[in-house]
Each structure stands twice: as structure tokens, then as C-alpha cells.
Amino acid sequence: MATRMMQRNNLADAFVQVNDEPTNAALKAAREQIGDAEWKKGYSPENKAIVRDALKEHGARYEQALKGNLVGVQVAETQANGETFRKLRVTLENEAGRTILSADMGSEFAQRLITKLDTATREHAGGAISIGAFAKQTERDDRTFVDHVATMKGPDGQEVPATSGHFEKARERVEAAQRPMLDAGMKDRKILNQIAASTRESYFAEVAAGLSERMVEQGITPKTVANERGALQTAALQAAAFPALESGIKDRDGVWHNLSIYEKDGQLTGTLQRRDVQTGDYEKAPVVFEPDGKGGLAALAAYDGGEKLTVSLSRSEPTLGGHEKVDVRVSSGDQQIHEHPGRLRANDALQKIPDHREGKAIEQALGVDPKMLNPVPTREAQRAPAKAQEKQHSQGVQL
């Protein structure tokens, strides 16, 4: 499956391909024609025309909208000139391949898009969407300002509404961050603006990380990620469809650690498995969970090579629906090997067993409702029974 990375170019008022030679050459030519001073001012109708003409002359593609099934939302970090930058990454898949939209987390476009993704990951996760944007000029105090507005359409072609409240919450955080400086007499607007920008970026990065977690909870991942995680299951486990609680965690080096646990003799036990990046072989370490003295459960995973990892299970903070779930963390010594906790979920085979022992063990140890171990169904899955009934009625089948 072909993969391309796209980004929003404000001057072109369109999406262009990242690390593409014709695109880079076109943007370089357009910048030379426009001049650095005007280029840095950003969008204008005149600049838009020049940039688009340059893209056409160099055979570089630009697009007004990106379309595909919404299968991923992630927060990524990139390095440049000794600095770290946070990026919003949105993954779309269709029959033509995979498109990854990358946007600076601090940009207006990314932050506006996140408010719509909050809705889309609840209502259209895994479904077809279309992401667009447009530049909107406004006049204030005899000055021209440009807003870069994110748009998104759902499977029905209707605009996906933004989830309300995010910009208000971000503003509250900004005010709280600036307050000590203002109370101390700080009047430097440049510093205050830097604090505001950094605080807003951090807030929306947290929201985006939560959306990523929501997608995983619903069992929706890009096909390559799903394949990588699925490869960690042994052939015997796949063939037997062994009922178990599972979680997949990707460490900072990009290695997936796959946890599978079940109840045995009143205790949660199982394995932690990973793929050795040097040999390509799969390594499996047994785990047996015991109370950690802090209200959670912990197990030691000791690999044959001598490396030891600690796997911890704990009750999460309430989710957006107001319910606690089970967080999974893997640590080496005192250092957590991943950015965000995983979630423990019942696999398909275990979900088919009413009142399974694994759920009761979790409820007793962590106080989490066993129903919260089931992946959240997508909106399309929730609609499926109703659609099936409608189809049967239309065919004259009595229910």
C-alpha cells in the first residue's frame, strides 16, 4: 500500500506533498519570485496565484481536500536544528493507498482540525471523511488578518461540527499560565505571547493524544500498524482464538509489546511478547500479576537475554463517557518505555463468554466494571443492527 505525507501550505491555500522534489523546487521558485519579506507575511490572493502557478509548472501536485477512511490520529515529535516540534498526524486510507496529513501542533489549522476530529473520532472512526481548509481574510483595526479554517465532511457529505469548549479551555490554561508573570509586573508582550502559544499547543497536544487513545479503544488502526501488532500473536494463539485480555504498547523505539493475560487459579497470568529488532525473532516473557500495594497490579517480565520489564495495571481516570478503564504501563527500572499508557481490552473470543473470570478478577482488583474491557463500538457498528433490520423489512422479512 503506497503511503504519502501531505501538509497544509498556507500560501498555496492547499495541501502539498512532503519531501517531494518537484514540490520543493516549485516552492523555492515561488519564494524567489515573491521575495522573502512578502513570503514571510503568508497568505494573500496574489501569493496564492504565484505559488499555484509554480506548482503547476514543476509538475507538483496540490489538493484542495484529502479523502479516505479515518484510521489514525497521533501526536508525533520531530527534530530540527536542535529543537523539538510536535506534529498532528491524521491517517486516511482508501483503495489508492494511505495519506498521512502532518500539521504543526501550534498552528491554527491543526488546532481547529482537532476540534473536528474530536467529533469525527466519536461518530466516524474508521469511516470515510474529507479534510479541507480555506484562508479567510478579515479586517480589524485597519489591518488584514488571515484565519486558516479547517473543514471536514463525513460519509454523508455534511460538514462535521467542531466539539465545543476546546478553545475556551485552552484560554483558561493560558490565563492561568500568564497570571504569575502578570502579577509579578511582566509587561513584555513577546514573552506573554510565547507563553500563550506554548500553553495552547500543549493543551491541543493532550486532546489529540486522547483522540489517538480513543481510536485504539475502538480497535481502529492503520492496516500496517494492525498487521505489525497482529504479527506479535503466535500462530497457535491465532488458530485457537484463545480468550484473553490484551493490550499493545509501542515503545519509544517503535517496538510493539503485546500483552496477553487470562485468569488461572484465581490469578491473572499470561505473557508479554515483542519482536527483537536485530534478529527479527519473537521474544516471550511470562507474567504473573500481584497487588502492587498502590491499588493496582504489577508483574515482572523477564526475557531470556536478561532484560526485565515491569508491567503495571491500574484504574484509569474517568473517560469522556465518565467511566474508568484499565491502563497498562511497561517500565524498565523507573523509566516508562512509552509515551502514553495502553488500554486493556477483551479480545473477540473473551467477549463471547458471559461473566468471564478475567473481568471478575479485574473488577475485584481494580474496581473497574468488566463491561469497560470491551472495545467501544464505532458509530457505524452501532448503526449496523438498525440497518440490517431496515433491509430485512424492505425485503419483507418478519422480525
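Structure above, values below:
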| read-out | value |
| --- | --- |
| Relative packing of peptides 136-144, 364-372, 106-114 - highest average C-beta neighbours within 10 Å first | 106-114, 364-372, 136-144 |
| Highest-first arrangement of 149-157, 31-39, where packing means the average Cβ count within 10 Å | 149-157, 31-39 |
| Helical contribution to [θ] at 222 nm, DSSP H n ≥ 4, -39,500 (n - 2.57), averaged over the chain, rounded to 500 | -11000 deg cm²/dmol |
| The chain - percent relative contact order, Cα under 8 Å, separation 6 or more | 11 |
| Sulfur and carbon atoms: percent of accessible area, the stretch 245-373 [1.4 Å] | 44 |
| Accessible area per residue in Å² at 1.4 Å probe, computed on the chain | 55 |
| Charge context of LEU366, other residues only, Cβ under 9 angstrom, K/R +1, D/E -1 | -1 |
| Per principal axis, descending, Cα span of the chain in whole Å | 74, 69, 44 |
| Euclidean distance between Cα centres, the stretch 27-72 to the stretch 125-165, Å | 18 |
| Whole-number Å³ per residue for the convex hull built on Cα positions in the stretch 245-373 | 120 |
| Most mobile of HIS124, HIS58, HIS340 in a GNM of the chain (Cα contacts under 10 Å) | HIS58 |
| Check: the stretch 245-373 dipole with +1 on Lys, Arg Cβ and -1 on Asp, Glu Cβ, in debye | 240 |
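The values are calculated or read from the model by the stated rules, or taken from the named source; none is laboratory data. Only a predicted model underlies this, so the values are computations on that prediction, with no experimental measurement involved. So basically every Cβ, Gly included, is an ideal-geometry build from the backbone, and we count neighbours across all protein chains shown. Note: areas computed on protein heavy atoms with side chains; ligands, DNA, RNA excluded. Shrake-Rupley method; radii C 1.70, N 1.55, O 1.52, S 1.80 Å.
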